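Only one structure is covered here, and it is reproduced in the block below.
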Amino acid sequence: MLAKTLVSFLTLALIAGAVPPKKATCSKGRTASDAKCCIWFDVLDDIQENLFDGGECGEEAHESLRLTFHDAISFSPKLFRQGKFGGGGADGSIMAFSEIETNFEASLGLDEIVEEQKPFALAHKVSFGDFIQFAGAVGVSNCGGGPRLQFLAGRSNHSIVSPDNLIPLPTDSADVILARMGDAGFSPAEVVDLLASHSVAAQDHIDPTIHGSPFDSTPSDFDAQFFVETLLKGVAFPGNGSQPGEVLSPLPGELRLQSDFVLSRDPRTTCEWQSFVDNQKLMVQRFTKAMAKMSTLGNDVRTLTDCSEVIPVPKPAASNVAHLPAGKTLKDIQAACKATPFPTIKADRGECSVSDRGYAIG
Ligand code: CA
Ligand code: CA
């Protein structure tokens, strides 16, 4: 009886311990849960050093994150229902057909990052669709407080050129943006979640005279500043007067997109917008979830391999709560969420302009 119990116990122990996940050994002694992920450690080393200047959250990181969206959002079930090709989503088409897709009005300027990225994808023999999403995830992990995005590998390298007019423009109304994003499967709240990306973003082509002007005062930090600064009263244009897609900005050196302005005050999106002002953790969590959806648009996730473990762990955020730029008070906030009062947040001391914060404009 004792022997039998012992055998049962041993059997149980064996079953419990019998399936340690088999780890594949990759380069430099690193391990992965699936051998298919090993290649991505090599891509990581290469792009951190040679694309992101040693792991920075600079222009290449900003543009790489933007590229993930412009490749993926070209996906329209509505067009498919009409019997037309609606785009392959996150399929690498913007790199495969860059001469066409980067000439779409919404994607002007992306030809530069496509040309920078493409040799890495070719050298490592990975698909364009995978590479674009991987580079975006690695780039944003370099930003302080950044998300550690999911990365699934295995997208086909076959794509067809996307139809035009599927990427929202800064000149679009809230109705147009929410309808287009809704067609691609995103709720109004998820549109706001995705816009957390504008916390680490800058423009080049809305007003080319102020190349590289950011959308918040901290473009190297994935913080909640974007969500508070967009709610401030606009006072001036930072560059060469008013441009299409641009509205008055609250701070020198910062450019405000008309699309961000309308969505920050629209009844369908303003409460989600405001909810991030004093909760950067929530912002990261929601962004991560929405990006998992966006980065796989047009793909069957059951055919992809989870290689998220290759994505670096970002540095923690400096603060979970945004602050008012110096010289601003809560009276400058144009809060539009009726359901919840605007949170009480602190103001910085001294003078504030975006260039004060060490972000070079020009
Ligand atoms: Ca695409
Ligand atoms: Ca920021």
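The values are calculated or read from the model by the stated rules, or taken from the named source; none is laboratory data. These numbers were taken from a predicted model, which means no experiment stands behind them. In this analysis, Cβ positions are derived from the backbone assuming ideal geometry, glycine residues included, and neighbour counts consider all displayed protein chains.
For the range 101-109, the criterion of being on the phi < 0 side of the Ramachandran plot and without any contact (Cβ under 8 Å) to a residue 12 or more places away in the chain is satisfied by at least one residue.
Residues are listed down the side, and each one gets a yes or a no for (1) out of contact with any Phe, Trp or Tyr (no Cβ under 8 Å at 6 or more places or on another chain); (2) surrounded by 23 or more Cβ atoms within 10 Å (Cβ to Cβ):
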| position | (1), (2) |
| --- | --- |
| 48 | yes, no |
| 52 | yes, no |
| 66 | yes, no |
| 72 | yes, yes |
| 79 | no, no |
| 84 | yes, no |
| 98 | yes, no |
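Scoring residue 156 on the criteria (1) under 30 Å from residue 35 (Cα atoms); (2) part of a loop (DSSP other than H, G, I, E, B); (3) away from ligand 1 (no atom under 16 Å from the Cβ) leaves a single failure, condition (3). The criterion of being on the phi > 0 side of the Ramachandran plot, within 16 Å of ligand 2 (Cβ to nearest atom) and touching a helix residue (DSSP H, G or I) at 6+ places or on another chain (Cβ under 8 Å) does not hold for residue 185. Scanning the range 198-228 for residues that are hydroxyl-bearing (Ser, Thr, Tyr) and more than 8 Å from ligand 2 (Cβ to nearest atom) turns up 209, 213.
Checking each residue in the range 283-322 for being of a type in the set (A, V, I, L, M) and over 15 Å from the mean Cα position of the chain (by Cα) picks out 301, 304, 310, 313, 317, 318, 321, 322. You will find that of 5, 25, 68, 102, the residue that is at pLDDT below 95 and among the β-branched types (Val, Ile, Thr) is 5 and no other. Restricting attention to the range 175-194 and to residues that are closer than 27 Å to residue 316 by Cβ and in contact with a Leu (Cβ under 8 Å, 6 or more places away or on another chain), the residue that is nearest to ligand 1 (Cβ to nearest atom) turns out to be 191.
Matching residues to (1) without any contact (Cβ under 8 Å) to a residue 40 or more places away in the chain; (2) within 16 Å of ligand 1 (Cβ to nearest atom):
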residue: 30; (1), (2): yes, no
residue: 34; (1), (2): no, no
residue: 41; (1), (2): no, no
residue: 48; (1), (2): no, no
residue: 59; (1), (2): no, no
residue: 79; (1), (2): no, yes
residue: 84; (1), (2): no, yes
residue: 88; (1), (2): no, yes
residue: 91; (1), (2): no, yes
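The single condition from (1) in contact with a helix residue (DSSP H, G or I) (Cβ under 7 Å, 6 or more places away or on another chain); (2) closer than 18 Å to residue 74 by Cα; (3) surrounded by fewer than 22 Cβ atoms within 10 Å (Cβ to Cβ); (4) not polar (S, T, N, Q) that residue 132 fails is (3). Does the range 263-279 contain any residue that is modelled with pLDDT of 95 or more and within 14 Å of ligand 2 (Cβ to nearest atom)? Yes, there is a match, as at least one residue in the range 263-279 is modelled with pLDDT of 95 or more and within 14 Å of ligand 2 (Cβ to nearest atom).
Taking the stated definitions as given, is residue 175 away from ligand 2 (no atom under 16 Å from the Cβ) and either touching a residue at least 60 places away in the same chain (Cβ under 8 Å) or outside any helix (DSSP H, G or I) (or both)? Here the answer is no, as residue 175 does not meet what is asked.
Filter the range 100-153 down to residues that are in contact with a Phe, Trp or Tyr (Cβ under 8 Å, 6 or more places away or on another chain) and assigned to a strand (DSSP E or B) and give me whichever is nearest to ligand 1 (Cβ to nearest atom). Within the range 100-153, the match that is nearest to ligand 1 (Cβ to nearest atom) is 153. Considering each residue of the range 336-350 in turn, none proves to be out of contact with any Cys (no Cβ under 8 Å at 6 or more places or on another chain) and surrounded by 17 or more Cβ atoms within 10 Å (Cβ to Cβ).
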